[in-house]
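A.B. asks: Just dropping this structure here.
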Amino acid sequence: MDAKELLKRYAAGERDFNGVDLKGINLCGVNISDSKLDWADLREANLSGANLSWVKLSNAQLQNAILEDTILKKASL
């Protein structure tokens, strides 16, 4: 799934993205708070400045992801 598709689904109210392949995705500065990303592949993703408040990231792959200034308030890691 690419960033455009993810944000389109998020805007439509979808929040369950468990297990999706987001390797290398650029989500710099986006708001995807209160989403479920358990088991998601976020390796090498750019999440700089993204709002991931209340996001569930249990067992997500975050190797080499860029998390500079990412908001992780109440996120479940």
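The values are calculated or read from the model by the stated rules, or taken from the named source; none is laboratory data. Quick caveat: nothing in here was measured; it's all calculated off a predicted structure. Every residue, glycine as well, gets a Cβ built from its backbone with ideal geometry; the counts of neighbours run over all protein chains shown. Side chains are part of the model used for accessible areas, which takes the heavy atoms of the whole protein and leaves out ligands, DNA and RNA. Shrake-Rupley method; radii C 1.70, N 1.55, O 1.52, S 1.80 Å.
A.B. asks: Tell me, what is the percent relative contact order of the chain, built from C-alpha pairs under 8 Å that lie six or more residues apart?
C.D. replies: 26
A.B. asks: Moving to a separate point now. Residues with amide H under 5 Å of S76's amide H, sequence separation 5 or more or different chain, H placed in the peptide plane at 1.01 Å from N; which?
C.D. replies: Here the answer is V55, K56, L57, since their amide H atoms fall under 5 Å of that of S76.
A.B. asks: Rolling a 1.4 Å sphere over the protein heavy atoms, what is the accessible area per residue of the chain, to the nearest Å²?
C.D. replies: 59
A.B. asks: Follow-up question, since we're still on this one. Excluding R43 itself, calculate the net charge of residues whose Cβ lies under 14 Å from the Cβ of R43, where each Lys or Arg counts +1 and each Asp or Glu counts -1.
C.D. replies: -2
A.B. asks: A further question follows. Would you list, by chain and number, the lysines whose Cα falls below 18 Å from the Cα of K56, excluding same-chain residues fewer than 8 positions away?
C.D. replies: Here the lysines satisfying the reach criterion relative to K56 are K23, K36, K73, K74.
A.B. asks: Rounded to the nearest 500, what is the chain's calculated 222 nm mean residue ellipticity when only DSSP H runs of at least 4 contribute -39500 (n - 2.57) each, over all residues? Walk me through the numbers on the way to the answer.
C.D. replies: Values: 1 runs with 9 residues, N = 77.
Rounded to the nearest 500, it is -3500 deg cm²/dmol.
A.B. asks: Still on this structure: Let me check I have the definition right: for the chain, take the eigenvalues of the Cα gyration tensor, multiply each by 5, take square roots. What are those semi-axes in whole Å, largest first?
C.D. replies: Taking √(5λ) for each Cα gyration eigenvalue gives 15, 13, 13 Å.
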